[in-house]
1. Which residue fluctuates the most in the chain, going by a Gaussian network model with Cα springs under 10 Å, if the choices are R254, R128, R267?
2. Kindly identify segment 135-184 as rounded, prolate or oblate by the Cα gyration tensor criterion: order the square roots of the eigenvalues as a ≥ b ≥ c, call it rounded if a/c is under 1.5, otherwise compare a/b with b/c, prolate if a/b is larger, else oblate.
3. Show that you can apply the helix-only estimate: for the chain, add -39,500 (n - 2.57) for every DSSP H stretch of four or more residues, divide by all residues, and state [θ] at 222 nm to the nearest 500.
4. With respect to the cross-link table entries K7/K181; K7/K222; K35/K63; K7/K35, which display a Cα-Cα separation exceeding 21 Å?
5. Taking the Cα centre of segment 4-248 as origin and charging only Cβ (+1 Lys, Arg; -1 Asp, Glu), how large is the dipole, in debye to the nearest 20?
6. Tabulate in residue order the Karplus-calculated ³J(HN,Hα) for segment 50-66, using 6.51 cos²θ - 1.76 cosθ + 1.60 with θ = phi - 60°, rounded to whole Hz; enter x for Gly and Pro.
7. List, largest first, the extents of the alpha carbons of segment 173-259 along their principal axes, each in whole Å.
8. Show me 116-124, 150-158 ranked by packing, highest mean number of other Cβ atoms within 10 Å first.
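Every number in this text was worked out from the coordinates using simple rules, so none of it is lab data. Everything numeric here is computed off the predicted structure, so don't read it as measured data. FYI the Cβ positions are ideal-geometry reconstructions off the backbone, even for glycines, and counts take in every protein chain you see.
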Amino acid sequence: MSDTLHKFLFDAGSSTRSPVRGEIVSLASTWQQIKERHPYPEPVLRMLGELVAASTLLSANLKFNGALIMQIHGDGPVRLLVVECNADLTVRATVKLSSDETIADDTTFTDLVNARGEGRFAITLDPRDRSQGQPYQGIVPLEGESVAAALEGYMRRSEQLDTQLWLAADGEHANGLLLQKLPLDGGGPGTVFDPDAEARAEEVWERAITFADTLERDELLKVDPPTLMRRLFWEETLAVYDPVPCAFRCSCTRQRVAAMLVSLGEREVDETLAEMGGIHVDCEFCNRSYDFDTVDCAQLFATSNTLDGLRTAHQQRH
Ligand SMILES: [Zn+2]
C-alpha cells in the first residue's frame, strides 16, 4: 500500500451532500527519490517532506490538467522551497539554502524560513494547456509554526474552504491527512438554506477534527492509510474511494533546457562558451546534467534562427 492517496467522504446521515472530505497520503519511494537527490540537513528535510505530502493532498482535487506549485520564500537559512505536483500526483521538489548559515538539528520551522517575520507562502496553479487559462498565483505572509499552519493560513486568507492538515515526515515517509469542509448546497441558484442540515454538517466537521487531533506524529508516519482511517473515524460512515498512486517525476528534458538557452540569447550563450568552453546545466529538481558544446549551441541557434526566419517570411506574406 505504499505511495497512495486515499480519498473519503463523511456521511451526515441524511440525504444532504457530504459535509466533509478527507484524504490520507503515504509516500515512501516517492519521498526516497526526492530525498536521495538532496542531502539537506534534517530539519529542512522534515519541512520539505511535509510540503511534498501536502502538495499531493491539495493536487488530488485539482479540476484541471496542470501543476500545483507551492513555494516557501524564507528569510532564514532556507531561501526557497519549491514543490511541484501534477494532477496525476507526480511530484518533484527542491530547496535553496543560504550558503553562509549552519542549520542545527533542532532548528524550528520559524527559524528556518520566518526568522524576521518576512517569509512568504505562495501557491501557483499552472494549467499545462493554456486554453484552460493562465497560471494563477496567490501569495500570503507566512504564519504559524509549521508547514500545516502556514498552509491553513494560506487557505484562510485566500477564502478557500475550511481546511485542516496533519503532516509528518521522517527518513522513510512523508505522510499527511487533510480534512476539508464542503459547501452543503454547492451554492447554486434555487438552493434553500436548511438550518438542520447546516447544524448536522457542522457537527460532523467538529467531530472529524476532534478525532483527527488525537493523531500522534508517530502514528501518522507508521500506520498505513486504510488502518489509520478506520482507527480515527471508526464511528463515522465513510464513502471510501479507490486509492490513487503517487510517484516522483521530474519534467525536465534536454529540449526544455535548449529552449531556455535560446531564450537567454545567442550573445550570452556565446560569451559563456568562450569563457567555459561549453555549457553545463544541472536540473535543480533531479540533478540530471545537460551539456551543450559549441556545435550543439550553433545548431540550437541555427534552428531557432531558421524558424524565426520562416516565421518572419510567413508574416510578411500576410
Ligand atoms: Zn529534472
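1. Sorting by GNM fluctuation, first place goes to R267.
2. Working: a/c = 2.03, a/b = 1.38, b/c = 1.47.
Cα axes put segment 135-184 in the oblate bin.
3. Working: 10 runs with 122 residues, N = 318.
Helices in the chain give a 222 nm mean residue ellipticity of -12000 deg cm²/dmol.
4. Values: K7/K181 14 Å; K7/K222 19 Å; K35/K63 29 Å; K7/K35 26 Å.
Too far apart for the 21 Å limit: K35/K63; K7/K35.
5. Working: 23 positive and 38 negative charges, 171 e Å.
With only Lys, Arg, Asp and Glu charged at Cβ, the dipole is about 820 debye.
6. Values per residue, Gly and Pro as x: 5, 6, 4, 4, 4, 5, 6, 4, 7, 5, 4, 10, 5, 9, 9, 7, x Hz.
7. 59, 41, 21
8. On the way: 116-124: 16.1, 150-158: 18.7.
In descending order of packing, they fall as 150-158, 116-124.
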